[in-house]
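The values are calculated or read from the model by the stated rules, or taken from the named source; none is laboratory data. None of the values given here were measured: they were computed from a predicted structure. Neighbour counts are summed over all protein chains in view; Cβ atoms, including those assigned to glycine, are modelled from backbone coordinates with ideal geometry. Heads up: the accessible areas ignore ligands, DNA and RNA and are worked out on the full protein's heavy atoms, side chains in. Shrake-Rupley method; radii C 1.70, N 1.55, O 1.52, S 1.80 Å.
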Amino acid sequence: LQPLILALGLPQAQHRLRIQPVVYGFASINQTRLDAVDLDVGLIARRSRLRSGVRYCRRGLDDEGHVANFVETEQIVRAGHAVSAFVTVRGSIPLFWSQDDSKDWTQIHPPYKMQVEEEGGGNGAWERNAFAMRLHVRDLERRYG
């Protein structure tokens, strides 16, 4: 943040009052031992701020290709000078769909509703699903290769 603070011309004492970094996720680093080898094990989960929500209340994707409840989890293991990292991602199915749990909140698996037709009829929803899904896949390819 230092370059931003300097570019804005903020005095050092004032920047603490104006900028509050926030992480939407989880981070943990633990030390352990396996077969007489000391290990540092890190787990970092970064949750997207786009389309976040409670399960069953936020599903599917939006017109920009952002899926609901997208989380990137990275596992990092260090043994001596050797380091290994593994990244997984998860999120809602990248289609326009929803689940309504408002009728019976005790229901474990509320029925889902897939958007397959436009409100006025026709099959434009399939093109909308395909377009948004392509945006989602392109974003994944850009970020993860």
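Using a simple spin-label model with points 7 Å from Cα along the Cα→Cβ vector, what separation in nm is obtained for ALA130 and SER84?
In this crude spin-label approximation the distance works out to 4.2 nm.
Which shape class applies to the stretch 38-89: rounded if a/c is under 1.5, otherwise prolate when a/b exceeds b/c and oblate if not, where a ≥ b ≥ c are the square roots of the Cα gyration tensor eigenvalues?
Details: a/c = 5.03, a/b = 3.11, b/c = 1.62.
In terms of gyration-tensor shape, prolate.
Give the calculated FRET efficiency between LYS113 and SER52 to the nearest 0.05, with a Förster radius of 22 Å applied to their Cβ-Cβ distance. The partial results should precede the final answer.
Details: r = 21 Å, r/R0 = 0.94.
E between LYS113 and SER52, to the nearest 0.05, is 0.60.
If I stretch the segment between ASP63 and ASP35 completely, what's the gain in nm (0.36 nm per residue apart, minus their alpha carbon distance), one decimal?
Details: separation 28, 0.36 × 28 = 10.08 nm, distance 5.03 nm.
This chain segment gains 5.1 nm when fully extended.
Could you report the accessible area of ARG90 in Å², rounded to 10, computed with a 1.4 Å probe on the protein chains as they sit in the structure?
Surface accessible to solvent at ARG90 totals approximately 150 Å².
Run the numbers for ASP139 and VAL77: contour at 0.36 nm per residue of separation, minus the present Cα-Cα distance, in nm.
Details: separation 62, 0.36 × 62 = 22.32 nm, distance 2.69 nm.
Once the chain is fully extended between ASP139 and VAL77, it gains 19.6 nm.
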